[in-house]
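Chemist: Quick one: the structure is below, questions incoming.
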């Protein structure tokens, strides 16, 4: 960073304070953010092709994680410009390590939609994933978002991390309904928030009688045996071989 020809940043005031804090010599700061990226990017790429050493930084966290920059990296790589990274503090990874929830498989969904109906639809899609969920949320929407999460995802264990990797870091752990109730009472907090939600509980196995009933419904609806087996296997999560054998037995019995 100290030897860069220029620094691409979201806000030069914040980046200049970061340089001063670490005792780095001041470099030319060039604004690069969502509102000007399309206009500025061709000039940046031309400088890179000419051999300039440029640094891309974000106001907080690691660049390109819900921050502008991926188009610049993509086009720089396509132009044959060497690209490397020095990961910075990440609220996403900090939240995962502090939540006390499974981390062997997680899905980062970024920010949910602002409008209620779209947010609820997005949560319904995420509900099917057998993994821990990591979501970013604007704190002024946090109470409403948690209420939707509790209604759609149920009483899953969760954690809300606020101002992670910063001075006033805070983590609150509870179930989604408990978190929704807490923030409904105290109101929206300040700062930036990350919500980590545990994976769905494993469903108990479906009883054989219910599987038989499902097979009968599908067969009576006129489906071929193989089609009925596929549908019941998908709906029940059972083993296809066992369900196929049961379907044959029911057919032979005339059930």
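Throughout, read-outs are computed from the coordinates displayed, never taken from laboratory work. These figures come from a predicted structure and were not determined experimentally.
Chemist: To the nearest 10 degrees, how steep is helix 37-49 against the longest Cα principal axis of the chain, on a 0 to 90 scale?
Modeler: Tilt of helix 37-49: around 70 degrees.
Chemist: Now for a separate question. With the cut-off at 1.5 for a/c, could you classify region 94-173 from its C-alpha gyration tensor as rounded, prolate or oblate?
Modeler: Since a/c reaches 1.5 but b/c is at least a/b, the shape of region 94-173 is classed as oblate.
Chemist: Have a look at the DSSP beta bridges in the chain and tell me what percent are antiparallel, nearest 5.
Modeler: 60
Chemist: Which percentage, to the nearest 5, of the DSSP beta bridges contained in region 91-197 is antiparallel?
Modeler: Percent antiparallel among DSSP bridges in region 91-197 is about 75.
Chemist: Still on this structure: Using only alpha carbon pairs under 8 Å that are at least six residues apart, calculate the relative contact order of the chain and give it in whole percent.
Modeler: Here the relative contact order equals 14 percent.
Chemist: Further question: When a/c reaches 1.5 or more, the comparison of a/b and b/c decides; with that in mind, is region 208-253 rounded, prolate or oblate per its Cα gyration tensor?
Modeler: Rounded is the answer for region 208-253, as its axis ratio a/c remains below 1.5.
Chemist: Another question about this same structure. How many angstrom lie between the Cα centre of region 137-174 and the Cα centre of region 197-235?
Modeler: 35
Chemist: Next question. May I ask for the angle, rounded to the nearest 10°, between helix 12-21 and the longest principal axis of the chain, with both axes built from Cα atoms and the value confined to 0 to 90°?
Modeler: 80
Chemist: Which angle from 0 to 90°, rounded to the nearest 10, does the C-alpha axis of helix 142-153 make with the longest principal axis of the chain?
Modeler: Between helix and principal axis, roughly 30 degrees.
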